[in-house]
Amino acid sequence: MLGHNIPMVLAIILDGIAESIVIGLGILEGGTISLAMLSAVFISNLPESIAGSSGMKSDGWKKSNFFLLWLFIALSLAVITIGGFSLFTTTSEKWLSFIQAFAGGAILMMLANSMIPEAYEHGGKHAGVATILGFSLSVFIIIFEYSH
């Protein structure tokens with residue numbers, strides 16, 4: 001059913017779990033979520049969902065089916081965010097740091113294994129420029145957020 005999209009969807013889920021836990025931990029630590037973090041997650045998830053959706057479309061999926069899949073994944077990740085907030089209330093700083101480092105590693109793995117090769121395949125050298133522009137936008141948001 002997912003065909004060659006299984007690695008992409010699994011990478012998106014793994015990345016989403018890591019991001020959701022970090023967002024939940026952010027709520028735990030400060031009671032709020034950083035605008036920079038939310039922006040970075042949103043910006044990074046756009047190409048992931050576009051790549052996954054275009055692959056499903058090329059495999060013959062109906063739009064309603066991959067919409068339902070994305071909805072299921074989003075709802076599951078919302079539950080994981082709540083879990084990141086509620087399950088780690090008594091976790092030591094050492095373990096919270098480990099969890100955040102693991103989440104960062106999961107995101108890097110997804111980027112290296114799935115997103116960067118596919119972006120280069122479909123976008124050529126322009127994919128690198130788009131990556132730097134997205135990274136620069138994230139840095140600008142962080143600078144703007146912390147300067148106000």
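The values are calculated or read from the model by the stated rules, or taken from the named source; none is laboratory data. In this text, all values refer to a predicted model and were calculated from it rather than measured experimentally. Because the Cβ atoms are built from the backbone with ideal geometry, glycine has one as well, and the counts that use them run over all protein chains shown. The accessibility values were calculated without ligands, DNA or RNA, using every heavy atom of the protein model including side chains. Shrake-Rupley method; radii C 1.70, N 1.55, O 1.52, S 1.80 Å.
What percentage of the solvent-accessible surface of the chain, computed with a 1.4 Å probe over protein heavy atoms, is contributed by carbon and sulfur atoms? Taking all protein chains in place, the chain shows 75 percent carbon and sulfur surface. Within the assembled protein chains, the solvent-accessible surface assigned to Trp61 is about 30 Å², based on a 1.4 Å probe. Computed over the Cα atoms of region 82-148, the ratio of the radius of gyration to the Kirkwood radius (Rg/Rh) comes to 1.12. In the full protein context, region 1-145 carries 62 Å² of accessible surface per residue, based on a 1.4 Å probe and ignoring ligands, DNA and RNA.
Over the chain, Cα pairs under 8 Å with separation of 6+ residues give a relative contact order of 43 percent.
Distance between the C-alpha centres of region 74-148 and region 33-63: 13 Å, rounded to the whole angstrom. Among residues other than Ile73 with Cβ under 14 Å from its Cβ, the summed charge is -3 (Lys and Arg +1, Asp and Glu -1).
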